[in-house]
Amino acid sequence: MGDEQGKNRQADEEEPRIGVYVCHCGVNIAGVVDVEEVAKYASKLGNVVIAKDYKYMCSDPGQKLIQEDIKENRLNRIVVAACSPRMHEHTFRKALEEAGLNAFLVEMANIREHDSWVHMNQPKEATEKAKDLVRMAVARARRLEPQHKPKVKVKRSALVLGGGVAGIQSALDLADMGFKVYLVEKTPSLGGKMAQLDKTFPTMDCSACILTPKMVDAARHENIEIITYAEVEEVEGYIGNFRVKVRKRARQVLEDKCTGCGLCAEACPVEVPNEFDHGLGVRKAIYVPFPQAVPLVYTIDDEACLGCGMCEAVCGPEAIDYEQKDEVLELEVGTIVIATGFDLFDARRKPEYGYGRYENVITGIEFERLVNASGPTGGKLLRPSDGKEPHRIGFILCVGSRDEKAGNPYCSRVCCMYSIKNARLYKEKHPEAEVFIFYMDIRAYGKGYEEFYRQAQEEYGIRFIRGRPGEVVEDPETKNLLVRVEDTLLAMPLEIELDLVVLANAIEPARDSEKVQRLFRLSRSADGFFAEAHPKLKPVDTLNDGIYLAGTCQGPKDIPDTVAQASAAAARAAIPMAKGEVETEPIVAFVRRELCIGCRICERTCDFGVITMVERKAQVNEAICRGCGACAAACPTGAMQIRHFTDEQIYAMIEAAMREEREIAVKEVEG
Amino acid sequence: MSEFEPKIIAFMCNWCSYAGGDLAGTSRLQYPPNARIIRLMCTARLDPAFVLKAFAEGADGVLVAGCHIGDCHYVSGNLKAEKRVQMLKKLLPELGIEPERLMLRWISAAEGERFASTMKEFVEIIKKLGPSPLRGAAK
């Protein structure tokens, strides 16, 4: 694509003929802004041939209105005053294309998000602002030029980051569609948080029983390459051609030799707390996190290992390699699914509940490990203080969720249900036990959830007490716990003595989300989770084309929603690969050679190595230019420009923002 | 002074601050209607001459808003904008313009409230300063 080429008939040979369309958006805009007045005003602006207002410009008839006017009135520029261009620019670009006009000849004036919705009580000022915004848009539209989207080939391989149930599901779906998948997981095994759970609500499936077959499927799949104990270090490129550097940490055990027999762990003399059991049990310095780990390969914990050589001595297949070094892999992928999951709120941040100080205050996930047959107690729930079976148990919900003070105003969405599930599990084994659930509201929104909750009340005799406990106090002798709570339904303060308290601590963004955000240039919403491109219409896309979100990294959700979203993300990630090529943004730098003096300032300003000097003039490599505009801002002569954001276009907007058009006067004199 | 309504030009990046403005809208956060926003893909595109042009046209204030440091869609575009704004702040007094009339803010796509409060704050600052000394010079 050359500098001035790409201009077509509409732009080159004719004066701008602009159509302006002011959208009512029902009452969203028209309820505040006098849209008729804005349209009338627009009709007097220079080069404006036609100006109309209409109820819903984005609707089919609204788009048709524009398309017919383009044909009948030979319009060659369109201004739509409506919502944010981030919402519907794409819609109108398509409408223009269908009418035979280049997609980039439309300009939007944001009179909804930036006007009617934020100045609701100032209709007069909002109408004036709308006129200004339309005038600015018309000024820019006059100078718009056709642009052509370059096409790039898309690699038929994907990266899935995170080996929990979301990542596994996305990887399996993509692999089944025939694409090569690199499934990268930070810990030594796939499985994620789901592998730590005992049973799942409301079906009471054993979590491992439904998860491990999927893990094995992923391991066996010919299109999936599992890379565990590994983290992404660098990401370059764009949709279609991402280059990802992955550091695979040395586990000091050779993956292709280890048979997972476990003799090494038996021989290892070092015991450390097992993070898989949240420190409730122990593991060796050479370990697999849990028996069904995938890959079933042992890992030496560098920090714990004494280097005694016992494991090496007993290993038949000679898989131990103390000298093993980290390996850096370079992957080339077309699309990426981020499925990095969540971390749990540190319950110590609510000191009033005594977690970390009182032995018999535990968290939900610790409860899961303690009742799990493969857990540290072999599935027997025993009080940490004395190893006795608890008779009276209380579950406290919303620990760090729906809690402004803790910084988490949101609902974690799973705590009501898993706490009810855990309460039921215990009552099933110990019908004589007394079980309390302290709640603010019970959120049982899923399929079969409300029924599950009602059964817990009616058939299991679990006592639900509506109130957020003020504090938990320990009796230093018995280590029993006194929960102080106001039952808000009875308006009565209560003190309840319990043997064990289980805290439903919140789901929080994974601790390394900031790092992942930066690596993949994602955004995060106010709650800290990764932001989707649109909450309703693009729930698994990100603002970075070619990167999609699956599971709890996007927000708290339960397993069914996580798996559904993971399949959705896989489907989205497959589209560009199935198509084989994608159109990329034409918003890149270009050089007006006649103005270039060869000073090389642009070359030094560019962080991406896009600019080189050819015959002492700057030249842009459009394929790698990202269009940030740093070079154009630095250029002393105006030679360096950005397509669709040229100096002239921006200056025209500044002028139009500050004053009424001279053109209005001119038009009236001429008219 | 109470009748003075400042005219403000705001340059905002597409990915963070402009989106933050959209969020302020969908959240129905109310703020004064003084600013006219010009969307750039990145604040790196901000030619210092754009700011000077806005003042020359009589703007009472210029707001530049981009992604937080480290969050730039183009890695370091906002750092470049920051340097240019610092340079402009030194230059403006030479032209008789108070440097407070130029504000740089990092506003993320999630910070609708920060967007609205920035608008309120900046309008207040400019109201206190009064009309730009260059107002009317352009006409």
- Message: Condition first: part of a helix (DSSP H, G or I) and more than 23 Å from A:ALA652 (Cα to Cα). Now tell me which residues in segment A:97-153 satisfy that.
- Response: A:GLU97, A:GLU98, A:SER116, A:PRO123, A:LYS124
- Scan segment B:26-72 for residues that are touching a residue at least 60 places away in the same chain (Cβ under 8 Å), of a type in the set (Gly, Ala, Ser) and in a helix (DSSP H, G or I) and report the count. 1
- Message: Taking the conditions exactly as written (farther than 16 Å from A:GLU352 by Cα and touching a Cys at 6+ places or on another chain (Cβ under 8 Å)), does A:ILE442 satisfy them or not?
- Response: yes
- Item | Residue pairs meeting the criteria (Cβ under 6 Å; at least 6 apart or on separate chains; first more than 9 Å from chain B (Cβ to nearest Cβ), in segment A:507-533; second at pLDDT below 90 and in a loop (DSSP other than H, G, I, E, B)) | A:PHE530/A:LEU522; A:ALA533/A:LEU543
- Item | Residues located in segment A:265-294, provided they are surrounded by fewer than 22 Cβ atoms within 10 Å (Cβ to Cβ) and part of a loop (DSSP other than H, G, I, E, B) | A:PRO269, A:VAL270, A:ASN274, A:HIS278, A:GLY279, A:LEU280, A:GLY281, A:PRO289, A:PHE290, A:PRO291, A:GLN292
- Limited to segment A:408-446, what total is found for residues that are modelled with pLDDT under 95 and under 27 Å from the mean Cα position of the chain (by Cα)? 2
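Yes/no per residue for (1) modelled with pLDDT under 95; (2) within 8 Å of chain A (Cβ to nearest Cβ); (3) surrounded by fewer than 21 Cβ atoms within 10 Å (Cβ to Cβ); (4) touching an Asp or Glu at 6+ places or on another chain (Cβ under 9 Å):
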| position | (1), (2), (3), (4) |
| --- | --- |
| B:CYS67 | yes, no, no, no |
| B:ASP71 | yes, yes, no, no |
| B:GLY77 | yes, yes, no, yes |
| B:GLU100 | no, no, yes, no |
| B:ALA110 | yes, yes, yes, yes |
- Message: Here are the criteria: (1) touching a Leu at 6+ places or on another chain (Cβ under 8 Å); (2) not in a loop (DSSP other than H, G, I, E, B). Tell me which single one A:ILE420 does not satisfy.
- Response: (1)
- Being buried (at least 17 other Cβ atoms within 10 Å of the Cβ), at positive phi and within 14 Å of chain B (Cβ to nearest Cβ), is that true of even one residue in segment A:579-602? no
- Could you tell me which of the residues B:ASP22, B:ASP60, B:ASP47 is farther than 25 Å from A:HIS644 by Cβ and modelled with pLDDT of 95 or more? B:ASP60
- Can you confirm whether segment A:624-641 contains a residue that is out of contact with any Ser or Thr (no Cβ under 8 Å at 6 or more places or on another chain) and more than 14 Å from every other protein chain (Cβ to nearest Cβ)? no
- Task: Run A:HIS221 past the list (1) touching a helix residue (DSSP H, G or I) at 6+ places or on another chain (Cβ under 6 Å); (2) surrounded by 24 or more Cβ atoms within 10 Å (Cβ to Cβ) and report the number of the one that doesn't hold.
- Result: (2)
- Note on the structure: Reported set for segment B:18-31 where residues are surrounded by fewer than 22 Cβ atoms within 10 Å (Cβ to Cβ) and at the interface with another protein chain (Cβ under 8 Å from one of its Cβ atoms) is B:THR26, B:ARG28, B:LEU29, B:GLN30, B:TYR31
- Report the residue count in segment A:575-598 for those that are in contact with an Asp or Glu (Cβ under 8 Å, 6 or more places away or on another chain) and part of a helix (DSSP H, G or I). 1
- Item | Residue count, segment A:161-210 (criterion: touching a residue at least 60 places away in the same chain (Cβ under 8 Å), assigned to a strand (DSSP E or B) and within 24 Å of the chain's Cα centre (by Cα)) | 3
- Pairing a residue in segment A:645-659 that is at the interface with chain B (Cβ under 7 Å from one of its Cβ atoms) and under 17 Å from A:GLN147 (Cβ atoms) with any residue that is in a helix (DSSP H, G or I) and modelled with pLDDT of 95 or more, where Cβ atoms lie under 7 Å and the two sit 6 or more apart in sequence or on different chains, gives A:PHE645/B:ARG45; A:ILE650/B:PHE50
- Query: Quick check, is A:VAL472 touching a helix residue (DSSP H, G or I) at 6+ places or on another chain (Cβ under 6 Å), in contact (Cβ under 8 Å) with a residue 24 or more places away in the chain and not in a helix (DSSP H, G or I)?
  - Reply: yes
- Counting only residues that are facing chain A (nearest Cβ under 7 Å), touching a helix residue (DSSP H, G or I) at 6+ places or on another chain (Cβ under 9 Å) and either of a type in the set (Phe, Trp, Tyr) or in a helix (DSSP H, G or I) (or both), segment B:1-17 contains a total of 0
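The values are calculated or read from the model by the stated rules, or taken from the named source; none is laboratory data. Because the structure is predicted, anything quoted here is derived from the model rather than measured. Because the Cβ atoms are built from the backbone with ideal geometry, glycine has one as well, and the counts that use them run over all protein chains shown.
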